[in-house]
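Working notes for the structure below.
Here, each number is a calculation from the coordinates, and none is a lab measurement. Quantities reported herein were computed from a predicted structural model and do not represent experimental measurements. For neighbour counting, all protein chains shown are included, and Cβ atoms are generated from backbone atoms with ideal geometry for every residue, glycine included.
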Amino acid sequence: DGGITQSPKYLFRKEGQNVTLSCEQNLNHDAMYWYRQDPGQGLRLIYYSQIVNDFQKGDIAEGYSVSREKKESFPLTVTSAQKNPTAFYLCASTKTSGRWDEQFFGPGTRLTVL
Amino acid sequence: SQQGEEDPQALSIQEGENATMNCSYKTSINNLQWYRQNSGRGLVHLILIRSNEREKHSGRLRVTLDTSKKSSSLLITASRAADTASYFCATDAQGGSEKLVFGKGTKLTVNP
C-alpha cells in the first residue's frame with residue numbers, strides 16, 4: 001500500500017527538550033510539507049521541501065528544523081526554542097512541486113508539552 | 001494570513017439533508033481545493049477546481065467557484081452520519097510561492 005506514515009501518533013515532551021517527528025512516504029512524491037494545526041484552526045505551514053537536499057521555511061518556521069536527505073523522508077525537529085509546541089502536526093506530500101497538486105496527508109502526530 | 005475563510009464555522013443537520021459550506025478568499029487564484037478531516041486524523045483531498053471552471057461534481061459533492069466574488073461553495077447532497085467531519089478549503093495564489101493556504105474549516109455534524 002502506498003501512503004504517508006507518521007510516528008509516533010502521540011508524543012510527550014518536557015520543556016527544554018528537542019523532539020523529532022518522523023514522516024515517511026512511499027508514493028515517490030517529490031515534495032513534502034509539514035503543517036501545524038491548533039484546536040479549531042486551519043493548517044499553518046512550517047516547512048516544505050520540493051526536492052531532496054532542499055527545503056524552504058513556511059509561515060511559522062521559528063523553533064523548528066527539518067532535513068531532506070532522502071526522497072522518502074522529511075523529519076521535523078521541534079526545538080526548545082519553540083515556545084508553544086503543543087499541537088497536532090501533519091505531514092503531507094505532492095507528486096510534483098506544483099501548488100496545483102493534490103496533497104496527500106499522513107495521520108498526524110499529537111505533541112504535548114508537559 | 002489566511003487566504004481562505006470558511007463559513008459557517010459549524011453546521012449541524014439531519015441525515016438526508018443537504019449541507020452547504022462556503023469559502024471566501026482575498027487574492028486571485030489558480031485553483032481551489034476542498035479537503036475533509038475526520039476528528040484527530042489527517043486531511044483527505046475531495047476535489048480541485050481550477051480558476052477557469054465554474055462547477056465540478058464528484059459523487060454527492062458539488063463545488064462551485066465564482067472568481068468575480070472570490071468565493072466557492074461545497075455542497076454535500078443527501079448527507080450521511082459518516083459525512084461528519086471538518087471541511088477545509090485551500091487556495092494557492094497567482095504568482096505566489098509553491099504552497100497552499102488553508103482556511104479554518106467548517107465543522108459539519110450530521111445527526112442520524
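Odds and ends about this structure:
- Residue check, residue B:6 assigned to a strand (DSSP E or B) and either away from every other protein chain (no Cβ under 14 Å) or charged (D, E, K, R) (or both): yes
- Hey, residue B:90 within 11 Å of chain A (Cβ to nearest Cβ), more than 15 Å from residue B:9 (Cα to Cα), of a type outside the set (Phe, Trp, Tyr) and outside any loop (DSSP other than H, G, I, E, B) or not: yes
- Conditions (1) within 9 Å of another protein chain (Cβ to nearest Cβ); (2) over 19 Å from residue A:42 (Cβ atoms); (3) touching a residue at least 60 places away in the same chain (Cβ under 8 Å): number failed by residue B:80: (1)
- Residues of the range B:37-58 that turn out to be in contact with a strand residue (DSSP E or B) (Cβ under 6 Å, 6 or more places away or on another chain), surrounded by fewer than 20 Cβ atoms within 10 Å (Cβ to Cβ) and closer than 21 Å to residue B:111 by Cβ, as a count: 1
- Only listed residue being exposed (fewer than 12 other Cβ atoms within 10 Å of the Cβ) and not in a strand (DSSP E or B), chosen from B:79, B:68: B:68
- Restricting A:57, A:95 to residues that are surrounded by fewer than 21 Cβ atoms within 10 Å (Cβ to Cβ), among the basic types (Lys, Arg) and touching a residue at least 12 places away in the same chain (Cβ under 8 Å) narrows the list to A:95.
- Strands (runs of 3 or more DSSP E) completely within the range B:11-60 that count 2 or more residues being under 13 Å from residue B:85 (Cβ atoms): B:19-25, B:31-37, B:43-50
- The set of residues from the range B:31-49 being of a type in the set (Gly, Ala, Ser) and within 8 Å of chain A (Cβ to nearest Cβ) comprises B:40, B:42.
- The range A:67-103: number of residues that are within 14 Å of chain B (Cβ to nearest Cβ) and of a type in the set (Asp, Glu): 2
- Enumeration of residues in the range A:87-114 that are out of contact with any Gly (no Cβ under 9 Å at 6 or more places or on another chain) and part of a loop (DSSP other than H, G, I, E, B): A:95, A:96, A:97, A:98, A:100, A:101, A:102, A:103, A:114
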